[in-house]
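Quick notes on the structure that follows.
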Amino acid sequence: MCREVSLLKVNELSIYSKEMNLLSPLSFELTAGQLTGVIGASGSGKSLLAQALLGSVPRGFTLSGEVSLPQGQRVAMSAQSASVLDPLRRVISQLMRRISPGADNRVSQLQTVNISRKIAACYPHQLSGGMAKKALLAQATWQQTDFVVADEPCCGLDTSSATELYEYLARLASEERRGILVISHNLKHLLTVADDILVLKEGRLVEKTTPDKILKGLCAPYTYALWQAIPGNWRRTDAAVA
Ligand SMILES: Nc1ncnc2c1ncn2[C@@H]1O[C@H](COP(=O)(O)OP(=O)(O)OP(=O)(O)O)[C@@H](O)[C@H]1O
């Protein structure tokens, strides 16, 4: 894998049909070595954006715009649903195919995302939601691509496992110089690990901002509203207690 700083450039990417626009033209760059979060309400287009980065769109829709990568670089995807796993093979055999044959750190790879022997020995239908998320993330990150797109990798995980996985993704960015795009509903977690945050609303890119700007309130009103919706940021108002 190339360790130089490289960019994944997204230019005017959109998804549409004659009847509707699912994703309005949006442009941004992902930098290798950085973790970029994507937030937005349900239905704002986060998963569509992830799929579009890999060139896929729902049947009946058209993809336009450009996603460009430096020569030879690739993107791997950690899907939202475990349905992408082969139902007839144990998790361990699906994961081992992702590790380069010469790698001597297979056991430590298992440990990095806390894939227990129990998870490894399961067939996909035997996994809980959280266990499946760990398997999906491992399958994507072990491909050693320069960019990884993770669609809600921590949904269904308990807080400490989620924290562990976010920290693992941040390390992949900072230590292995990979570009990581994480879709999440958990702005609180993203604020602790992300370098940049893309904010989507109704298929449009509201802004590309940073945790620091959000925490200082120097962001779009919609982004600020998402921040305010974090339970710890709720305020009692006179109206509420009257
Ligand atoms: N195959 C499809 N045909 C028509 N509309 C679709 C299709 N897939 C997604 N959409 C619509 O596109 C919009 C964005 O969907 P998407 O799955 O990207 O949302 P999301 O932000 O990932 O939501 P969530 O957080 O709930 O996963 C939604 O309004 C959804 O109904």
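Laboratory data are not the source of any read-out in this text; all were calculated from the coordinates shown. The shown structure was predicted, so the numbers you read here are calculated from the model rather than taken from an experiment. Because the Cβ atoms are built from the backbone with ideal geometry, glycine has one as well, and the counts that use them run over all protein chains shown.
Observations on the model:
- Counted residue by residue at 0.36 nm each, then reduced by the alpha carbon distance between them, the extension gain from residue 176 to residue 9 reaches 58.1 nm.
- Every helix of 4 or more DSSP H residues in the chain counts as -39500 (n - 2.57), and over all residues that averages to -9000 deg cm²/dmol at 222 nm.
- Charge dipole of the chain about the Cα centre (unit charges at C-beta), most positive-ward option of 189, 116, 145: 116
- Once backbone amide H atoms are built at 1.01 Å from N, residue 21 has no partners under 5 Å, excluding neighbours fewer than 5 places away on the same chain.
- Radius of gyration, Dmax [segment 1-68; alpha carbons; angstrom]: 13.1, 43
- Residues in segment 211-216 carry Karplus couplings, in order, of x, 4, 5, 5, 5, 8 Hz; the curve used is 6.51 cos²θ - 1.76 cosθ + 1.60 with θ = phi - 60°, and Gly or Pro positions show x.
- Under the convention that each Lys and Arg Cβ holds +1 and each Asp and Glu Cβ holds -1, the size of the dipole of the chain around its Cα centre is about 540 debye.
- Proximal lysines to residue 216, defined as alpha-carbon separation beneath 23 angstrom and excluding residues fewer than eight positions away on the same chain: 188, 201, 208
- Calculated on the alpha-carbon coordinates, the convex hull of segment 160-207 measures out at 79 cubic angstrom per residue.
- Over all other residues within a Cβ to Cβ distance under 14 Å of residue 214, the charged ones net out to 0, with Lys and Arg as +1 and Asp and Glu as -1.
- Taking the alpha carbon gyration tensor of the chain, multiplying each eigenvalue by 5 and rooting it gives semi-axes of 29, 23, 18 Å, largest first.
- Selection from 162, 210, 174, by position along the positive dipole direction of segment 153-242 (Cβ): 210
- Sorted peptide list for 59-72, 17-30, 194-207, 160-173, criterion being average Cβ within 10 angstrom, highest first: 194-207, 160-173, 17-30, 59-72
- Spacing of the two label points (7 Å from each Cα toward its C-beta) at residue 208 and residue 125, in nm: 4.4
- Measuring how big segment 121-242 is from its alpha-carbon positions, Rg and Dmax come out at 16.7, 57 Å.
- Helix axis angle, 159-176 relative to the chain longest principal axis, alpha carbon, degrees: 80
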